[in-house]
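The values are calculated or read from the model by the stated rules, or taken from the named source; none is laboratory data. These numbers come from a predicted model, not from an experiment. Every residue, glycine as well, gets a Cβ built from its backbone with ideal geometry; the counts of neighbours run over all protein chains shown. Each accessible area value is taken on the protein alone, full model and side chains, heavy atoms only, with ligands, DNA and RNA left out. Shrake-Rupley method; radii C 1.70, N 1.55, O 1.52, S 1.80 Å.
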Protein chains: 2
Amino acid sequence: MFKNLTVEKFLQEVASENPTPGGGTVAAISGAMGASLISMFCRVTAKGKKYVDVKDEMERIGEEGDKIREKLLKLADEDTKAYLEVMQAFKLPKESEEEKEKRREAIELASQRATEVPLETAKEIVPLLEMVIEIAPKGNPNAISDLKVGMELCYTGFVGAVANVQVNLSTLKDQSFKKEIEEKLEVVIDRAEKAIAEGRKIIASYGYSC
Amino acid sequence: MFKNLTVEKFLQEVASENPTPGGGTVAAISGAMGASLISMFCRVTAKGKKYVDVKDEMERIGEEGDKIREKLLKLADEDTKAYLEVMQAFKLPKESEEEKEKRREAIELASQRATEVPLETAKEIVPLLEMVIEIAPKGNPNAISDLKVGMELCYTGFVGAVANVQVNLSTLKDQSFKKEIEEKLEVVIDRAEKAIAEGRKIIASYGYSC
């Protein structure tokens with residue numbers, strides 16, 4: 001599992017000529033890193049004497065962040081697994097008509113899975129972006145730059161996950177499956193775009209130039 | 001060193017109630033992760049038979065990406081170190097006038113360092129964003145979604161680093177030092193904004209909806 005690699009080793013594996021771990025896995029890790037900073041912002045706030053009124057809420061949201069982080073770390077592994085299964089399917093024999101048909105089916109199924117995993121990653125990240133809107137106005141302003149970095153990492157993870165859905169979607173044959181995913185994608189993109197626009201507005205009010 | 005922690009442990013440390021490692025360190029890691037995907041895009045391209053003409057260039061840029069990644073991993077550590085030194089300075093005794101003066105000086109010096117480190121992070125990331133413009137049009141389009149995630153991670157690292165410069169800048173007393181940093185910051189923001197706008201334009205031409 002990628003979470004058990006050292007940061008250095010993980011980055012070396014990403015940088016290698018092997019296509020895995022690639023953008024889908026890194027997008028999930030980016031979301032997990034964003035989730036960590038959101039949890040930290042909540043905890044730094046919760047321990048401050050001035051924030052007694054929001055202590056419970058901040059502790060609760062901090063823990064929600066932990067749970068989503070753990071799910072995203074799992075999705076990081078699943079993304080690489082799904083990609084490798086697509087590669088395996090492409091390697092199936094294609095001599096006879098029967099083999100060709102079996103191979104086509106295997107590729108389609110594996111590609112569907114490789115579409116579902118980053119969609120799941122994108123879905124997990126949306127609540128993180130929505131949390132930022134909740135906590136930014138109530139939390140400790142001394143840690144607002146940490147929250148900003150966290151929010152942007154979540155959004156980068158989201159955008160990366162969506163790009164991976166779209167790449168895999170373009171290879172699918174099953175039109176009804178494709179349509180279903182496209183509809184789900186539209187819903188999450190809509191939610192994420194609203195959340196990031198609002199989150200950026202709140203954080204910009206603390207004053208940053210980019 | 002953070003690079004020697006497992007991904008899971010590093011994220012746990014970020015999520016804790018301790019202010020370190022915080023946004024500055026995570027911004028540097030974000031840049032390092034982006035650099036890894038840029039290196040991977042170059043290597044995936046370089047090993048493709050269709051890309052013989054750009055093989056040498058891609059290998060060279062892939063290695064440049066490795067070098068910047070290593071620098072960013074060091075800056076991730078330095079950022080936390082600089083933050084801890086500011087905290088140390090605040091804990092100095094402040095009974096006598098002499099102590100007060102010594103403490104003020106120590107805080108100023110440590111805060112200057114805490115401003116220089118994220119500025120260095122931001123500076124290291126700019127060439128990564130500029131590399132994307134070079135390699136995106138020539139590289140293997142099958143890996144363009146990886147490059148997109150890499151570019152966005154670099155930009156997020158950049159934005160996070162700049163936010164950390166600005167936060168620390170606002171606490172400084174030495175006006176000439178402050179002005180010097182502000183001028184340097186303006187130059188890197190200008191280069192980064194140009195590069196990300198151009199990089200996004202090129203990658204959008206491959207078709208992504210967000």
Given charges of +1 on the Cβ of Lys and Arg and -1 on the Cβ of Asp and Glu, with all other atoms neutral, how large is the dipole of the protein assembly as shown about its Cα centre, in debye to the nearest 20? 20 debye
Report the calculated FRET efficiency for B:E180 and B:Q12 (r = Cβ-Cβ distance, R0 = 51 Å), to the nearest 0.05. 0.85
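Leaving ligands, DNA and RNA out of it, report the carbon-plus-sulfur percent of the accessible area of chain A at a 1.4 Å probe. Write down the numbers at each step before the final one.
Working: 4920 of 9600 Å².
For chain A, the apolar C and S fraction of the accessible surface comes to 51 percent.
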Computed over the Cα atoms, what is the radius of gyration of chain A divided by 2.2 N^0.38 Å, N being its residue count? 1.17
At a 1.4 Å probe, which residues in region A:25-49 are at least 10 Å² less accessible with all protein chains present than in their chain isolated? A:V26, A:I29, A:S30, A:M33, A:S36, A:L37, A:M40, A:R43, A:V44, A:K47
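At a Förster radius of 60 Å, what calculated FRET efficiency corresponds to the Cβ-Cβ distance of B:K49 and B:K94, to the nearest 0.05? Each step should come with its number before you reach the end.
Details: r = 69 Å, r/R0 = 1.14.
Taking R0 as 60 Å, the efficiency between B:K49 and B:K94 is 0.30.
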For region A:41-129, what does the alpha-carbon gyration tensor say about shape, rounded, prolate or oblate, given a ≥ b ≥ c as the root eigenvalues, a/c under 1.5 as rounded, and a/b over b/c as prolate? prolate
Interface area, A with B, accessible, probe 1.4 Å, both sides summed, Å² nearest 100: 4500 Å²
Just to be sure I understand the model, the point goes 7 Å from the Cα along the line to the Cβ. What's the resulting B:S170 to A:A204 distance in nm? 1.6 nm
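222 nm [θ] for chain A, helices only, -39500 (n - 2.57) per DSSP H run of 4+, per residue, to 500?
Values: 6 runs with 164 residues, N = 210.
Value at 222 nm, helices only: -28000 deg cm²/dmol.
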Hey, how much of the P(r) for the protein assembly as shown falls beyond 42 Å, as a percent of Cα pairs? 14 percent
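Which whole DSSP H helices in chain A pass both tests: a Cα extent of 18 Å or more along the axis and a mean Kyte-Doolittle value no lower than -1.0? Please report the intermediate quantities before stating the final value.
Values: long enough: A:23-46 (34 Å, 1.23); A:55-90 (53 Å, -0.91); A:97-135 (58 Å, -0.45); A:144-169 (37 Å, 0.86); A:175-204 (42 Å, -0.43).
TM-like helix candidates: A:23-46, A:55-90, A:97-135, A:144-169, A:175-204.
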What does the C-alpha gyration tensor say about the overall shape of region A:1-68? Classify as rounded when a/c is under 1.5, otherwise prolate if a/b is larger than b/c, or oblate. prolate
Using label points projected 7 Å from each Cα along Cα→Cβ, tell me how many nm separate A:L5 and A:E101, to one decimal. 4.0 nm
Comparing the chain by itself with all protein chains present, which residues of region B:169-209 are at least 30 Å² less accessible (probe 1.4 Å)? B:Y208, B:S209
